[in-house]
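Read the structure below first, then the notes.
The values are calculated or read from the model by the stated rules, or taken from the named source; none is laboratory data. Source: prediction; values computed, not measured. Note that we place each Cβ from the backbone using ideal geometry, even for glycine, and neighbour counts take in every protein chain shown. The protein model used for the area step is the full one, side chains on, heavy atoms only, and it has no ligands, DNA or RNA in it. Shrake-Rupley method; radii C 1.70, N 1.55, O 1.52, S 1.80 Å.
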Amino acid sequence: MRPDLRFDFIADMQDGTLTIRRKFAAGRQMVWDCYTRSELLDRWYAPRPLTTKTRSFDFREGGHWHFAMIDPNGTHYWSRTDYETITPIDGYTGYDGFTDETGVVNPDLPRSRQELRLADKGDHTLVETRVSYDSPEDLQKVIDMGMEQGLTSTLERLDELLASLIAEAQPLPAQNA
């Protein structure tokens with residue numbers, strides 16, 4: 001069964017915030033792992049046709065994730081998430097921004113504060129992310145950069161990874177001799 005790929009992408013231009021809500025056909029622990037383990041993030045956290053490569057990862061309060069999204073020509077687009085608070089399998093907060101390859105935040109591009117929350121919804125997991133920018137202009141800039149389309153593609157990749165992880169966890173049926 002193909003998952004429902006729709007999601008809420010709500011821009012509040014007055015407050016400079018985005019609220020993104022998306023359900024996934026997997027348990028909360030598995031979804032949490034996909035958001036908090038670098039080897040899994042590298043498998044889904046970029047819109048097609050880009051790939052993701054982690055440079056450094058330290059998932060703890062005060063830690064960070066420094067990574068690049070890489071286009072098919074090999075151009076690296078560096079970013080960094082700095083983790084502020086972490087509540088295992090429920091959510092985390094932190095700051096996200098574009099950087100250079102050493103991890104220094106680019107002051108010419110918007111930086112955001114993110115609050116990610118996970119909740120059980122029957123046999124699905126609801127992920128809600130609230131992204132706050134310093135100004136409505138910063139929010140408009142990321143929307144103009146293709147944030148909604150990029151998230152659509154990226155979250156489709158997470159759906160695919162979750163389906164793969166679920167399939168890998170299923171025991172194979174017994175064969176008749």
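Some observations on this one:
- Residue 32 meets all of the listed conditions (1) out of contact with any Ser or Thr (no Cβ under 6 Å at 6 or more places or on another chain); (2) of a type in the set (Phe, Trp, Tyr); (3) open to solvent by 40 Å² or more (accessible area, probe 1.4 Å) but one, namely (3).
- In the range 50-91, the residues that are of a type in the set (Lys, Arg) and under 21 Å from residue 109 (Cβ atoms): 53, 55, 80
- Some residue of the range 52-61 being of a type in the set (Asp, Glu) and open to solvent by 70 Å² or more (accessible area, probe 1.4 Å): yes
- Any pair with Cβ under 8 angstrom, 6 or more apart, that starts in the range 35-63 at a residue that is under 24 Å from residue 23 (Cβ atoms) and ends at one that is part of a loop (DSSP other than H, G, I, E, B) and of a type in the set (Lys, Arg): 59/37
- Condition met for residue 15 (over 20 Å from residue 163 (Cβ atoms) and open to solvent by less than 70 Å² (accessible area, probe 1.4 Å)): no
- Check on residue 67, hydrophobic (A, V, I, L, M, F, W, C), modelled with pLDDT of 95 or more, assigned by TED's automatic domain parsing to the domain that holds residue 126 and open to solvent by 50 Å² or more (accessible area, probe 1.4 Å): no
- Qualifying residue in the range 78-95 (condition: surrounded by 13 or more Cβ atoms within 10 Å (Cβ to Cβ), farther than 21 Å from residue 31 by Cα and either out of contact with any Leu (no Cβ under 9 Å at 6 or more places or on another chain) or at pLDDT 95 or above (or both)): yes
- Residue 126 being in contact (Cβ under 8 Å) with a residue 60 or more places away in the chain, open to solvent by less than 20 Å² (accessible area, probe 1.4 Å) and not basic (Lys, Arg): no
- Complete set of residues in the range 108-122 that are over 11 Å from residue 85 (Cβ atoms), among the acidic types (Asp, Glu) and without any contact (Cβ under 8 Å) to a residue 40 or more places away in the chain: 108
- Filtering 151, 162 for residues that are closer than 26 Å to residue 26 by Cβ, open to solvent by less than 20 Å² (accessible area, probe 1.4 Å) and not assigned by TED's automatic domain parsing to the domain that holds residue 67 leaves a single hit, 162.
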